[in-house]
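Quick one: the structure is below, questions incoming.
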Amino acid sequence: MRDAVRRAVFLDRDGVINRAIVRNGRPYPPANLTELEIPTGVPETLRELKAAGFMLLGVTNQPDVARGTQRQAVVEAINAALLVALPLHEILVCYHDDQDGCQCRKPLPGLLLQAAAKYTIDLSSSFMVGDRWRDVEAGHRAGCMTVLIEQAYLEARSSPPHCRVRSLPEGGAWILSQSKSREGVS
């Protein structure tokens, strides 16, 4: 008997489900658990998306581990705290840097494709939510609808998202409206 196909919301970690530390216009992950902060409305939004039938998966680049400026144990402790605080199914992590050439580092879609294979996810019925061009591009390459949470970062944006919002609660509302309109079309 074949497993039912699922739909998912893929969520970048830093800048989406937890606050990024912004220095000189550039986002950085929290350096430790003390710096971890979940923005207002994130837990409620994730509960609404889960109640609507979406599998919720974190997908995050953590290249500071490859660069030697962060320990993998700290990244895992932050992820564990997020998994306790939020209704996420799993957080998938790429620990590589660009020069490593791996397929899991966003903007490549490897993390999304791995999750789709593991959990029987229909990527065309799924969404990627991020705060940087790499997230949007990974979502496009995987065949997902994309949501960009606008942040005041000083970086180029090369891939236009399907939707631009100012917060995850806004993005969640858009995903739910898209989901309902697609269900009405079936």
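The values are calculated or read from the model by the stated rules, or taken from the named source; none is laboratory data. All figures in this text were calculated on a predicted structure; none of them were measured in a lab. Neighbour counts are summed over all protein chains in view; Cβ atoms, including those assigned to glycine, are modelled from backbone coordinates with ideal geometry.
Let's see how each residue does on (1) without any contact (Cβ under 8 Å) to a residue 12 or more places away in the chain; (2) assigned to a loop (DSSP other than H, G, I, E, B); (3) within 19 Å of Gln62 (Cα to Cα); (4) among the hydrophobic types (A, V, I, L, M, F, W, C):
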{"site": "Val129", "(1), (2), (3), (4)": "no, no, yes, yes"}
{"site": "Asp135", "(1), (2), (3), (4)": "no, no, yes, no"}
{"site": "Ala138", "(1), (2), (3), (4)": "no, no, yes, yes"}
{"site": "Tyr153", "(1), (2), (3), (4)": "no, yes, yes, no"}
{"site": "Pro160", "(1), (2), (3), (4)": "no, yes, no, no"}
{"site": "Arg164", "(1), (2), (3), (4)": "no, no, no, no"}
{"site": "Gly172", "(1), (2), (3), (4)": "no, no, no, no"}
{"site": "Ile175", "(1), (2), (3), (4)": "no, no, no, yes"}
{"site": "Lys180", "(1), (2), (3), (4)": "yes, no, no, no"}
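I need the full set of residues from the stretch 69-81 which are under 30 Å from Ala4 (Cα atoms) and in contact with a helix residue (DSSP H, G or I) (Cβ under 9 Å, 6 or more places away or on another chain), in order please.
Ala81
Shifting gears a bit: Can you tell me which of (1) more than 24 Å from Ala52 (Cα to Cα); (2) assigned to a strand (DSSP E or B); (3) in contact (Cβ under 8 Å) with a residue 40 or more places away in the chain is the one Val93 doesn't meet?
(3)
Name the single residue that is nearest to Asn79 (Cα to Cα) among those in the stretch 19-68 being touching a helix residue (DSSP H, G or I) at 6+ places or on another chain (Cβ under 9 Å) and of a type in the set (Ser, Thr, Tyr).
Here the residue is Thr60.
Let me confirm something: among Ala73, Ala115, Ala81, Ala77, which residue is more than 26 Å from Arg26 (Cα to Cα), among the aliphatic types (A, V, I, L, M) and assigned to a helix (DSSP H, G or I)?
Working: Ala73 fails: more than 26 Å from Arg26 (Cα to Cα); Ala81 fails: more than 26 Å from Arg26 (Cα to Cα); Ala77 fails: more than 26 Å from Arg26 (Cα to Cα).
The conditions single out Ala115.
May I pose another question? Suppose we keep only residues that are under 19 Å from Leu108 (Cβ atoms) and of a type in the set (A, V, I, L, M) within the stretch 148-177. Which one would you say is modelled with the lowest pLDDT?
Ala156
Of the residues that sit in the stretch 84-109 and are over 15 Å from the mean Cα position of the chain (by Cα) and hydrophobic (A, V, I, L, M, F, W, C), which one is modelled with the lowest pLDDT?
Cys102
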